[in-house]
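Just so it is clear, none of the values below were taken in a lab; they were calculated from the coordinates. Keep in mind that what you see is a predicted model, and the values were worked out from it rather than measured. Here the Cβ positions follow ideal geometry from the backbone for every residue, glycine too, while neighbour counts run over all protein chains shown.
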Amino acid sequence: MVIGAGQAGLSAGYHLRRTGFTPGSGFVLLDGDDGPGGAWQHRWPTLRLERVHGFHDLPGMPFPSADPQRPAAEVVSAYFARYERAFDLPVRRPVRVRAVRSRPDGRLDVHSDNDTWTARALINATGTWTRPFWPHYPGRSSFRGQQLHTADYRGPAEFAGRRVVVVGGGTSAVQLLAEISPVAASTTWVTRRPPQFTSGEFGPELGRAAVARVETAVRAGRPPGSVVGVTGLPRTPEIRRLQEGGVLDRIPIFDRITPDGVTWADGRFVGADVILWCTGFRAALDHLAPLGLRAPGGGIVMDGTRVVTDDRIHLIGYGPSASTIGANRAGRAAVNEIRALLAPAPALD
């Protein structure tokens, strides 16, 4: 059983089929969305393909060449749809899994709104998009303006002529500032920590260091942190342009939200019509709560993709595999281990 049909779930489905599991009767992919594309189908329409960094091919089918000005959501969703058809993957949608419970016979019951499936092992590939993180700050409920999260963003038009406070130090915050600042009355960028800008592009060495650091966290049972927290923000030509234009003049996070803006303990006040929370996402794992997988540190102790306390459960697209290339490798690794658990056989080459 695979929950999720984004990059990680489709990769798992490919490797399950390749190792001899029968689509439909041997395995199924349950996806909560109405159509193919995973989280990509929800990306804002103004996110063009040329601004997507490091998208990796799904196994067995190269990502198509496309006009870099086309919306990423459109191109990636179409690619995922072709992939499902090409490998005849048994995706059932929309199926929103609400709970996974262990049975007395050692199997798992997977409950959705309308049905229950039984599985001998589970690959969870639910990602993070459905769990946007909204941090608490005093006075947030008193704000009379509009509050949005990255997940709600649909383009810069609704910010025209408005005073916007952008919260968050990641890539999304920078990208949205680039789009909003030309049309907004003003933008103010606030972060908890000073953003770390790096010279050069994101490369293999930096990538390996990021994966290693996140893997250390999940092995210890801590929640995986932000990739940007490990790698920093590459100083691309666009970022340099924004810095030169003053758009990325960051200030420390405010202490309180007021009805008309945000304020600091030293008395500083910035008026705002909109607060845009680019504060990331958390792993969508609430449906696994009945299994009691979380460690005291708040995370789930992992060995590769396998949950240490329950070898029936594999998490992919979580922690060190939360990237397009990482999800591919994790799908392969999870299937190898499940194959060995259920019906020992030689691992993939």
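Loop-resident chymotrypsin sites (Phe, Trp or Tyr not before Pro) (DSSP state other than H, G, I, E or B) in segment 57-93 with no more than 15 further Cβ atoms inside 10 Å of their Cβ are absent.
Under 5 Å between amide H atoms, partner at least 5 residues away or on a different chain: which partners does residue 272 have, H built in plane at 1.01 Å? Amide H neighbours of residue 272: 261, 262.
Hey, with R₀ at 30 Å, roughly what FRET efficiency would residue 260 and residue 294 work out to, going by the Cβ-Cβ distance, to 0.05? Calculated value: 0.15. When 312, 282 are arranged by Cβ crowding within 10 Å, least crowded first, meaning fewest neighbours, the order is 282, 312.
By the beta-carbon count within 10 Å of each Cβ, the least crowded to most crowded order of 115, 33, 255, fewest first, is 115, 255, 33. Karplus-derived 3J(HN,Hα) values for segment 58-65, using 6.51 cos²θ - 1.76 cosθ + 1.60 with θ = phi - 60°, are 6, x, x, 8, x, 5, x, 6 Hz; glycine and proline are entered as x. Backbone geometry of segment 274-289 corresponds, through the Karplus equation with coefficients 6.51, -1.76 and 1.60 at θ = phi - 60°, to 3J(HN,Hα) couplings of 9, 10, 9, 8, 9, 10, x, 9, 10, 4, 8, 10, 4, 5, 8, 4 Hz, x marking Gly and Pro.
The relative contact order of segment 46-198, computed from alpha carbon pairs under 8 Å that lie at least 6 residues apart in sequence, is 12 percent.
Here the 3J(HN,Hα) profile of segment 80-94, calculated from phi with Karplus coefficients 6.51, -1.76 and 1.60 at θ = phi - 60°, is 4, 4, 4, 5, 4, 6, 4, 9, 6, 7, x, 8, 10, 8, x Hz, Gly and Pro shown as x. What the Cα convex hull of the chain gives, in volume per residue, is 152 Å³. Only bridges whose two residues both fall in the chain count here: according to DSSP, what percent of them are antiparallel, nearest 5? Around 45 percent of the beta bridges assigned by DSSP in the chain are antiparallel ones. Stretching the chain fully between residue 343 and residue 196 yields a gain of 48.2 nm (0.36 nm per residue, less the alpha carbon separation). Start at zero, step by 10 Å, and the Cα-Cα distances of segment 51-130 spread as 13, 35, 30, 17, 5, 0 percent across the bins. Bridges between two residues of segment 1-123, per DSSP, are antiparallel at a rate of about 65%. Taking other C-beta atoms within 10 angstrom as a stand-in for reagent exposure, 136, 111 fall in the order 136, 111, fewest first.
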